[in-house]
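Notes follow the structure.
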């Protein structure tokens, strides 16, 4: 029952779409209606409103952090519940109950989850993203490589005793979800048509 409650609560938190809410607050079009049609910070940035995009990114990351932190604080000595909540909040972002199950790709929310699980895990993922984005200028590629390295970092930290096995397994599940949600980007990468950072179609949005 504890795992079910943790999963449901985290999923509902993840279902809050900050791209839609921030767009409404800034009187911007629904992010589903332009660009990639994806409700995420990169797509909101296509409106030219950097503040709206920054708030979207922050909100999506914060909900990932909040769901995991809340589970860590209130479900004592239950690493499985933390792992379940970690996956559930990302699933909520990708398929939100409040917005017709049309959600984002989960990169920002995953960052919040990693930050709650372990600071070094999040720092490693961010560093990987920056390096790949700097050299290749492709945000989706940076996100995919970061997801892969996050799995490595998670099991490395588990071996060091900093992270329990269940959250490490959860990071693997989240990475698999990110790859699935980026399948169109992967096809574009293979075809050499994926947009670059700074271009009109940049990013996983």
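No value in this document is a laboratory result; all are computed from the given coordinates. Please read these numbers as outputs of a predicted model, since none were measured by experiment. Note that we place each Cβ from the backbone using ideal geometry, even for glycine, and neighbour counts take in every protein chain shown.
Worth pointing out:
- Highest average first, the peptides 131-141, 81-91 ordered by how many other beta carbon atoms sit within 10 Å of their residues are 81-91, 131-141.
- Extent of segment 107-205 along its three principal axes (Cα atoms, max minus min coordinate, largest first): 43, 23, 19 Å.
- Our note on the geometry: Cα centres of segment 115-190 and segment 36-64, 20 Å apart.
- Fully extended contour minus Cα-Cα distance, from residue 165 to residue 137, at 0.36 nm per residue: 6.7 nm
- Distance between the modelled labels on residue 5 and residue 176, one decimal in nanometres: 2.8 nm (7 Å Cα→Cβ projection).
- Over the chain: helical MRE at 222 nm, DSSP H runs n ≥ 4 each giving -39500 (n - 2.57), nearest 500: -22500 deg cm²/dmol
- Seen against the Cα atoms of the chain and their longest principal axis, helix 2-14 is set at about 20 degrees.
- Remark: the residue 120-residue 97 segment gains 5.1 nm on full extension, using 0.36 nm per residue and subtracting the alpha carbon distance.
- Cα convex hull of the chain - mean projected area over all directions, nm²: 10.8
- Computed label-point distance, nm, for sites residue 27 and residue 184 using a 7 Å Cα→Cβ extension: 3.0
- Normalising the average separation of contacting C-alpha pairs (under 8 angstrom, six or more residues apart) by the number of residues puts the relative contact order of the chain at 23 percent.
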